[in-house]
1. Starting from the range 199-283, pick out the trypsin sites (Lys or Arg not before Pro) whose DSSP state is loop and whose Cβ has at most 14 other Cβ atoms within 10 Å.
2. Pairs of Cα atoms under 8 Å, at least six residues apart: use those to get the relative contact order of the range 196-263, whole percent.
3. Taking Cα pairs under 8 Å and at least six residues apart, what relative contact order does the chain come out at, in percent?
4. If you keep only loop residues by DSSP, which GluC sites (Glu not before Pro) in the range 336-434 have at most 12 other Cβ atoms within 10 Å of their Cβ?
5. For the Cα atoms of the chain, what angle does the longest principal axis make with the long axis of helix 69-86, in degrees from 0 to 90, nearest 10?
6. Below 8 Å, C-alpha to C-alpha, sequence gap of six or more: please give me the relative contact order for the range 75-149 in percent.
7. For the range 176-233 and the range 395-409, what is the centre-to-centre distance using only Cα atoms, to the nearest Å?
8. In whole Å, what is the distance between the alpha-carbon centres of the range 241-315 and the range 122-148?
Amino acid sequence: MKRRLIFGLAAACGAAAVVLGGGWGIDQNAAPASGDDHLAGFVEQLSTGSSADVVREIEAAAAADPDDARAHALLGLGFQQLFRETAQPSYLSRARGSLEVAAELSEEDFTTQLGLAQVSATQHRFPAAELHARLALRSEPRNVAALGTLGDALLELGRYDEAFAAYDRAAAIGPSVGAYARVARARELLGRSDDALDALELAIEAGSGIGEQKAWALMRYGGILLSVGRTADANDAFRRSLALQPGFPHARAGIARVAAARGRTMEAKRIFAQLLRGTPSAEYAIELGDLYLADGDERRASRAYERARSFEQVLARNGVRTMLASARLDVDRGLRLRSALERARLAYREAPNVETEDLLAWALARNGRCGEARSWSERSLELGQGDAEMLFHRGMIERCLGRSSARRWFAAALEADPGFSARWAPLALRLSRS
């Protein structure tokens, strides 16, 4: 009965069926069907040993035989796995470097093209990700990992029907933790959080020999639970994720968010501060800054935001396109607003999806161009009801235009997630009552 949930989105989205929000890499469904066992062996190694140890072994093999294209390709995949586990940006540039060496040695190799597709998607280079995924699918048209990565790229490019069709095909060929997570992401985009939780339960039940994948599913599950106010269940999910993948930064951040939702801001700030000592994450630095700002500590908040900016620069040095994140940081803070608007436009041109449409709406509003902002906000909400921040932005745009409907949008944001932002949720609450 539950398996039928995979295809339950077609009526709501035309060709749409399943969506992945990111974070999924190689799994048991990635090995080519042609009988080549190199990738299957790599997956088996990851499922039975330490990813760092596996990468060291492959690195030694590549050094011993510099002309072994497959060793360089697997090394690239290994570095990507380490990035997923640790969030250390340097692994991305090392992954791309290894994969580019592999491509020089054997450009049409399936594993190489799959790896280049995945690292391109992670670096927000979505046209390149689409290209490499399609090249991989030429030789392995039923490969689940390649289909999923193609869908990821198409989703970010705003080509939703095509993306959902790719995900639908992947789920039909190989239902797995990644496939069910794609269902969950689709339902989130459509505002169906209860159905998203159902799909993530299937993902967790499906499991994976690679611990990080199930840990990611549990982390996503906890995130949705937290957004609907189920803090105890969310905390349990985050702790289960952390037990599966010790030190997993995304699970630790989830625990910090639960603490903040429960009003334990000192604990939340402590966890984020500890996390940032080893994880150069702009997202976590911004959340820490917002917690400081909510407590009236503008000096520490400013320092946290500047750390976020420096972390974005680290990501950029490792090949990640950061226009969207840097523009959002400045727009939220009311800094460099004209430049931020231009960066938002560039982010939209490179990835015309609901997230960049919302950012462009918010940037226009902060620049006082609220009529234009409203049009972009309407576009960002066409796919579904949007998340709490998108609804809050719409409320601010309506307020800028002097419309009484603003209160309704603030209330909708709080209903979607009452603790969506330590910085903006209190303002949304106040304005929803004014």
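1. Numbers: sites: Lys214, Arg220, Arg230, Arg239, Arg240, Arg252, Arg257, Arg262, Arg264, Lys269, Arg270, Arg277; in loops: Arg230, Arg262, Arg264.
Counting only loop positions with at most 14 other Cβ atoms within 10 Å, the trypsin sites (Lys or Arg not before Pro) in the range 199-283 are Arg262, Arg264.
2. On the way: 76 pairs, mean separation 19.6, N = 68.
Answer for the range 196-263 is 29 percent.
3. Numbers: 750 pairs, mean separation 55.9, N = 434.
The value is 13 percent.
4. Numbers: sites: Glu342, Glu350, Glu355, Glu357, Glu372, Glu378, Glu382, Glu389, Glu398, Glu415; in loops: Glu382.
Sites meeting the loop and neighbour criteria: Glu382.
5. Value to nearest ten degrees: 30.
6. Working: 90 pairs, mean separation 17.6, N = 75.
24 percent.
7. 33 Å
8. 33 Å
Any read-out appearing in this document is the output of simple, stated calculations on the displayed coordinates, not a laboratory observation. Quick caveat, the model's predicted, so the values are computed rather than measured. Every residue, glycine as well, gets a Cβ built from its backbone with ideal geometry; the counts of neighbours run over all protein chains shown.
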